[in-house]
Amino acid sequence: MNKTETKSAVLLRHHLKALKLPTILAECEKTAARCAAENVDHLGFLLQLCELELLERERKAAARRLKAAHFPALKTVDEFHFAAQPSVNKMLISELLRCAYLEHRENVLFIGNPGTGKTHLATALAMSACALGKRVRFFRVTELVTTLLEAREEHQLARLRSRLTKLDLLVLDELGYVPTSKLGAELLFDVVSTAYERTSVIVTTNLPFEQWTEVLGNERLTGALLDRLTHRCHIIETKGESYRLQDAKRRRPKTGTPSAPTAQAPPL
Ligand code: ADP
Ligand code: MG
C-alpha cells in the first residue's frame, strides 16, 4: 500500500466512523476486492455496501425489539402442533400472524385450560409483530400489576403509562391466576382503558367471563374492562386437556407401570 492509499484508508475509516456506518467500515475492503474481481461498477459497489449496512441495522433493531418485549420464552407457530389442539382455527392464527389486526387496533383473547397453548400462541403472534417492526411488551398480569403498584409508590406512574401508550401491542398473560387487589385492579383497568382503540392487546386467561369479577373484585369495573377488551376482538378458545399431559400420555410406555408420569393441575 503506498502513502496516498494509506492516508485515504485512514480518512475513510474516520469518515465512516463519524457517519456511523460500522458495517460499511467493516466490509468495504472485502467488498471492494470482490467487486473488482467481478467487474461490478462503482455504483454497484456502493449499492452493495448500503445494502449490507441496512440489513445489519434491521437485524440489530429486530434483536432490540425482541429484547424489549421481555418474552418469557421464544415460541413460534412452526413449533405449534395444531393437530393436538383442533379447537384452534389455524387459518385465523395465520391471518393474525400477518398483523393486520394491529392496524385496526383489534384485540385477541385466548381462553382455555392451563397448558393448552395460550401463552405459546400469544408469544408467537407477538414475536411476529416484533419481526414486522412493531413495539411490543409482554407482561404476566401479576407482573404488570406489581410494576404499576411500585411505579405509583415511586411517583413514576405517569412515566410508565406514557411508555405503555407508545406500544403497538401489549400482551397480558395469565389474567385471572391470582386475585388482584382493589387498587391493582383499578390500575390494570386504567391500562386497558388507555389502550382501548389505541393499542392492540392480547390477553390469555383460564377464566370464563363469568368468573372475571371474582378475580378483579368489582362487577362494574369488570364489566367495563370486558366491554373494552372484547369490542373488536378475536376470541380463540383452546379447548381440551393440557398439551404436556397429552405429551406425557404419548410418551408413557404401553405397558405402563405405576411410576408412569402423572399430571398435576397448575395452581389457579
Ligand atoms: P397455557 O398458556 O395455555 O397454560 P402454554 O402455552 O404455556 O399453555 O403451553 C404449555 C407448554 O406446552 C409450552 O411449553 C408450550 O410450548 C407447549 N404447548 C402447548 N400446546 C402446544 C401445541 N399444540 N403444540 C406444541 N406445543 C404446545
Ligand atoms: Mg400461559
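At a glance:
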| item | result |
| --- | --- |
| Pairs where the first residue, in segment 196-223, is within 15 Å of residue 186 (Cβ to Cβ) and the second is of a type in the set (S, T, N, Q) and open to solvent by 10 Å² or more (accessible area, probe 1.4 Å), C-beta under 7 Å, 6+ apart | 215/180; 216/180; 217/180; 219/213; 222/213 |
| Filtered residues of segment 227-252 (kept if of a type in the set (A, V, I, L, M) and within 16 Å of ligand 2 (Cβ to nearest atom)) | 236, 245 |
| Among residues of segment 1-45, those that are within 21 Å of residue 57 (Cβ to Cβ), in a loop (DSSP other than H, G, I, E, B) and open to solvent by 100 Å² or more (accessible area, probe 1.4 Å), counted | 2 |
| Residue under evaluation residue 119, criteria (1) within 30 Å of residue 246 (Cα to Cα); (2) in contact with a helix residue (DSSP H, G or I) (Cβ under 7 Å, 6 or more places away or on another chain), criterion not met | (2) |
| Test result for residue 232, modelled with pLDDT of 95 or more, open to solvent by 40 Å² or more (accessible area, probe 1.4 Å) and not polar (S, T, N, Q) | no |
| Residue ID - farthest from ligand 1 (Cβ to nearest atom), chosen from residues in segment 93-115 that are of a type in the set (S, T, N, Q) and within 26 Å of residue 176 (Cα to Cα) | 107 |
| Qualifying residues in segment 116-143 (those that are within 12 Å of ligand 1 (Cβ to nearest atom) and open to solvent by 30 Å² or more (accessible area, probe 1.4 Å)) - the one farthest from the chain's Cα centre (by Cα) | 140 |
| So residue 56, is it surrounded by 13 or more Cβ atoms within 10 Å (Cβ to Cβ), under 28 Å from residue 229 (Cα atoms) and of a type in the set (D, E, K, R) | no |
| Within segment 81-115, considering residues that are on the phi > 0 side of the Ramachandran plot and away from ligand 2 (no atom under 16 Å from the Cβ), the one least open to solvent (accessible area, probe 1.4 Å) | 99 |
| Some residue of segment 55-78 being away from ligand 1 (no atom under 16 Å from the Cβ) and among the hydroxyl-bearing types (Ser, Thr, Tyr) | no |
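Quick grid of which residues meet (1) within 16 Å of ligand 2 (Cβ to nearest atom); (2) over 21 Å from the mean Cα position of the chain (by Cα); (3) assigned to a helix (DSSP H, G or I):
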{"residue": "188", "(1), (2), (3)": "no, no, yes"}
{"residue": "198", "(1), (2), (3)": "no, no, no"}
{"residue": "203", "(1), (2), (3)": "yes, no, no"}
{"residue": "212", "(1), (2), (3)": "no, yes, yes"}
{"residue": "225", "(1), (2), (3)": "no, yes, yes"}
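The values are calculated or read from the model by the stated rules, or taken from the named source; none is laboratory data. Keep in mind the model is a prediction, meaning the values are calculated, not measured. Don't worry about glycine lacking a Cβ; one is built from the backbone with ideal geometry, like all the others, and counts go over all protein chains shown. Just so you know, the surface numbers come from the protein's heavy atoms only, side chains and all, with ligands and any DNA or RNA stripped out. Shrake-Rupley method; radii C 1.70, N 1.55, O 1.52, S 1.80 Å.
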